[in-house]
Each structure stands twice: as structure tokens, then as C-alpha cells.
1. May I ask you to give the percent of accessible area on the chain that is carbon plus sulfur, with a probe radius of 1.4 Å?
2. On average, how much accessible surface per residue is there in the chain, in Å², for a 1.4 Å probe, leaving out ligands, DNA and RNA?
3. Sort 425-431, 366-372, 191-197 for me by packing, meaning the mean count of neighbouring Cβ atoms within 10 Å per residue, highest on top.
4. Pull out a ≥ b ≥ c, the square roots of the eigenvalues of the alpha-carbon gyration tensor of the range 63-109, then state rounded if a/c is under 1.5, prolate if not and a/b is larger than b/c, and oblate in the remaining case.
5. In degrees from 0 to 90, rounded to the nearest 10, what is the angle of the helix 335-344 Cα long axis to the longest principal axis of the chain?
6. Cross-link partners among aspartates and glutamates for residue 217, C-alpha distance below 17 Å, same-chain residues fewer than 8 apart left out?
7. Taking 0.36 nm per intervening residue step and subtracting the Cα-Cα distance, what contour gain separates residue 398 from residue 422 on full extension?
8. Need the list of aspartates and glutamates near residue 132 for cross-linking: C-alpha distance under 17 angstrom, and skip anything on the same chain fewer than eight residues off.
Amino acid sequence: MKIAVIGTGYVGLVSGVCFSDFGHDVICVDKDPAKIEMLEAGKVPIYEPGLDALMAKNVEAGRLIFTGDLMKAVDGADAVFIAVGTPTRRGDGHADLTYVFAAAEEVAKACTDYTVIVTKSTVPLGTNRQVKQVVKKANPKLDFDVASNPEFLREGAAIEDFMKPDRVVVGVQSDRAAEVMNEIYRPLYLRDFPIMTTDLESAEMIKYAANAFLATKITFINEIAALCERTGADIKLVSKGMGMDGRIGNKFLHAGPGYGGSCFPKDTSALARIGQEHAVPMHITETVIRVNEAVKTRMIEKLRDLCEGSFNGKTIAVLGVTFKPNTDDMRDAPSLTIVPALVGGGAKVRVVDPQGHHEGEALLPGVNWAEDAYKASQNAHALVILTEWNEFRALDLKKLAKKMKTPRMADLRNIYSAKDAKRAGFDAYVSVGRTDLGG
């Protein structure tokens, strides 16, 4: 089939590359000439493990091309996927649909034959029906259907998630649209991955409900972690015991400095706003948002205590600033709250991150970037682990402790233990939800 993908951001690029690997002919469109030039040169503008090789393979096979010409891309397309940004709108917390509607209008004006216009972007309930009206207004004679096809990609594991999904959700209004979508995802169906067909609103809701629930699990375990610190319980054991219950599961039960990224903050905020608009307050989701912000504040106070009450004049090494490992994404990362608090408190901050430097330079002014954890820790008063990159999981703690002026560690991802730290020569070690080594 011929597929056009509008937008080459994270979702659009991953989707386009993977569709082409299914054997479809895919044209990815973007208005940014620099991005198209980069993609045509074989360079990937985002960091996602394995994406560069998969993209090169399908470009070479002739199934994947990039263009800034939307008219060329949608001409004869069986389906056009809209995968543009839906950032949180300032002031009210709702998703900004400006780019979605603009793309829909452009697609409508460019199409001449029947096509399925698919919203891949995360959009509030009712958006796909609005997209239909936008298309009708822009091109009243066009024969088309709309579909909702939310993505469930984890950054850092996006290709595997696309190729081996828990489910594919497709919201449609007609059998004809369902047939097109089924044909697109036929390679997954043949391997027994579930394709779930719903109405438009249910597909839209599934995305928000799923992300809000996962954010709730993270926030819940972080609250339990705070209680564990006061009562002497070990959050790692508590999480393990909870996760063994098949009704709960062990995923998203890792205590830390709060959730971040491109999805959870934006989608919980949007769901809360949708509830308000329909007079059905999302009390749990609203609480999750508040508690997640409080978790970040609690981490700052934990670090302040580690630094004997003040950051002023202290040199602090920070390991990891992206919101999670295996991505360069820093959107709403805990580091964007925690690191500025250190700098604002008078600390000299050295940062290490395998992929966060490019984005971090603009987002974290006032910090120095180091090549590795050992250089960052030279004569430092404290070491903070913010992101659990593999590079930080097997550090030579004895070497780190010897390099530091005062060997103190805040392990906010619970990679190590108080016993590990003490044996290595650290005077103080704090973690999340576990017994600490006092200073």
C-alpha cells in the first residue's frame, strides 16, 4: 500500500520507517527543509536505538522517501497519517490541536481520490470528528474516511513496540476504512498480534486512559517510597512483592524522582482538562499531577539534606538528565526541575549524559558538561544519579569516592545500595524508599 506520513517527529518517523519495513511504500513529509535534508542524507534527527539502520535499509530498498512536498506525498495514497505535535496549550492544560487541523486541511486540498486520513497524534476526545469537518470544509467533493490510530511507543524501545505491540488500536466509522487499516497492519495480524477495532471516541480514550493509569502507578509507588523512608520498609522489596500479584504486574513500579517525557505529563494534563469540560472531574489524575510535582520537590530537599542544608559553594555531579535512558528526550524530565534548583542554590553543577548534551545545553544553562562520571566527580561534594543509563549501573564506586572532595551519593534510581556505597568509601548515601547511609 502507499502511505503518507505527515510529520517526522518521534512518532511520525518511527511509524513511517516501520510501515516501510512492513513492505509498504511510504513517503514522510515535513515542513522543515533542514530536517528533510538531514533525513535524505541518512541522518536521524532523534536518538532511538536501531532506527538509523532500519531507516537506511528501507531507503535503500526504495520503500521509504522523504519530502517537503505534501502534494507529492498524498497523491494516490491509500492512507495519510497525521503525526504532528499536540503540545500542552499554555493557560488551560489542553492539547493544542493547531497543527493537527492545519495538516488535515492541507491533506484535504491535496487529495483527489479516496483515502483514509488517520490521526496518529495523541488528541482529545472528539478531535477525529472535528478533523472530518475540517476536511469536508476544505474539500467538499473528496471521498475519504477518518480513523484514529493512537501510538503506544516507549522511547528507547519504539521499534520493538511497533513490531511486537501489545495491541494496535484502530478507531473507524466505516467498514471501508477498517479494511484499509487492516491491510496496513496485516503483517502484525499474520503474526497474531491483536488488532482492536473500535469507534473513534473509544480509540481516543484508550490512549489517554492507558497513559494516565501508568502515570498513576509510578506516582503511587513514589508515595509508598516516601512512607517506606519513614517506616524502615524497603521499596524495592515492596515493589517486588506487589508486582508478583498478577492483577498489579511489576511494570512501572520503580520508585524515582517522578515521571517525565513527551507523553505522561502532557496526557495527564489533557485528560484532566477533558474531564473538566465534560463535568466529570478526573480526581485521581489531577492528584497524580500534583503528587508528581511534589515528588520532584522532595528530591530537591533530599539533595539539600545530603549537602548539609545548602547547595551554595558545593560542586555537584549529576549523572543523567534525559527523562529515561536510551533516548535524547528531555521534555518534562525531572532534571529540568532538580538541576536548576541546584544551580539556583549556588552549586557548581557538572552533568554527564550519553545523549542529553544536545538538548540539555539550551535547557540547562549554567551547568558544565563532563565526558564521564569520573571527570564529573573530581573534587565534587556530592554525586546525583538522575537517569539509569547502563553506563551508570556498573561504576567503580571506590574510584568515584576517592576522586570526590566529600564522597556523598544521591542514588535517585536505586541502582546501588547503602552497603555498596559504604564498602566503596562513601560517607553518605541516600536513595528513594530505602535505608540510607547517614553522613
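1. Working: 10030 of 19530 Å².
After summing per-atom areas, the C and S share lands at 51 percent.
2. Values: 19530 Å² over 439 residues.
For the chain, the per-residue accessible area is 44 Å².
3. Working: 425-431: 22.0, 366-372: 14.4, 191-197: 12.4.
Those peptides, ordered most packed to least, come out 425-431, 366-372, 191-197.
4. prolate
5. The answer is roughly 40 degrees.
6. Result set, ordered by chain and number: 245, 267, 286, 293.
7. Numbers: separation 24, 0.36 × 24 = 8.64 nm, distance 0.96 nm.
So the extension gain works out to 7.7 nm.
8. Filter leaves 78, 105, 106, 113, 143, 145, 175, 199, 201, 204.
The values are calculated or read from the model by the stated rules, or taken from the named source; none is laboratory data. Predicted model only: the values in this text are computed from it and were never measured. Ideal geometry is used to build each Cβ from the backbone, glycine not excepted, and the neighbour counts take in all protein chains shown. Accessible surface is based on the protein model in full, side chains and every heavy atom, while ligands, DNA and RNA are left aside. Shrake-Rupley method; radii C 1.70, N 1.55, O 1.52, S 1.80 Å.
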